[in-house]
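Everything on this sheet refers to the single structure shown next.
Throughout, read-outs are computed from the coordinates displayed, never taken from laboratory work. Please read these numbers as outputs of a predicted model, since none were measured by experiment. No Cβ is skipped: glycine too gets one built from the backbone with ideal geometry, and neighbour counts run over all protein chains shown.
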C-alpha cells in the first residue's frame, strides 16, 4: 500500500476532516471538502432506470432502461428510447418535478460531463433531438422557453452539435463544428464561478465559449438528458455511459 503525506511534494497540508481526499478543483490540487465541493456521478450499473442517483424518468411514449447492448469499453449504460410515436420522448432528470430544480449558476464553477451514444441519426423521415445539460424544465418546450445551458444534437436542421444557452427564452445557439455521429461521444460543459461564461468541449477539445444568455443567477436548473422525437414512426435511442458533475463552491456552505 502506498500513500502520500500531505506535507510532501508541495501538496496541501493534512485535511481537517478525516477521510478527505485529494482532487483537482479546476485550478489547484486540494483536499475535497463536503462544505466546499459537490461531486456526483453515475456509472449506470444498477438494473433500474433510475440507477444510482435515483433519476426521475419522465417519458411520453418512450422508455428508459438498462442497456443490454454494451461493449467491453463501456460497462454499465442506460438507454432512452423515444418509442414509435411521432412526438415521443424519454428523459432523465435530477430535478424533483417540472417546477422545482436543484441548483443555480453563479455560486462556483460547475463542470458536467456526459458520455453518450446515438444509434441512428435524424433523417427527413425520422427526426429527433438528443440533449444533455442543465435546464429548468423537462421535455419538449423546456429547451426554448426556460433556463438552459446544454448541448443540443442532431435534429435534421442541424447536423452538428449545438451549444445552447437560454435565459428565459432569449437563446444563443452556437454551432460546435463537430458533426453528431453514432459512436461514443464525450460532451463536457464548464461554467465559470460567476455564471457568466460556459466552455463547451467535445471529446476533450474545446469547441465554443459562450458568454451571452446564460441563465441569470437566482434561476434554478437540474442536470438532465433527453431524446425528443418530432417526426416519423421509428424508435430512436440515446445511451449514456457516464454522468459526472463537479462544483467548486465560491464560499463554504
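Divide the volume of the convex hull around the Cα atoms of the stretch 107-226 by the residue count and you get 90 Å³ per residue. With contacts taken as Cα pairs under 8 Å at a separation of at least 6 residues, the chain carries a relative contact order of 27 percent.
The label point for residue 27 and the one for residue 98, both projected 7 Å from the Cα toward the Cβ, are 4.1 nm apart. Shape descriptor for the chain: Rg over Rh equals 0.99 (Cα atoms; Rh from the Kirkwood inverse mean 1/r). The ellipsoid equivalent to the alpha-carbon distribution of the stretch 23-65 has semi-axes of 32, 11, 9 angstrom, derived from the gyration tensor eigenvalues as √(5λ) and listed largest first.
In the chain, helices alone account for a calculated mean residue ellipticity at 222 nm of 0 deg cm²/dmol, with every DSSP H run of four or more residues adding -39,500 (n - 2.57). Applying 1/(1 + (r/R0)^6) with r as the Cβ-Cβ distance of residue 173 and residue 13 and R0 = 41 angstrom yields a FRET efficiency of 0.35.
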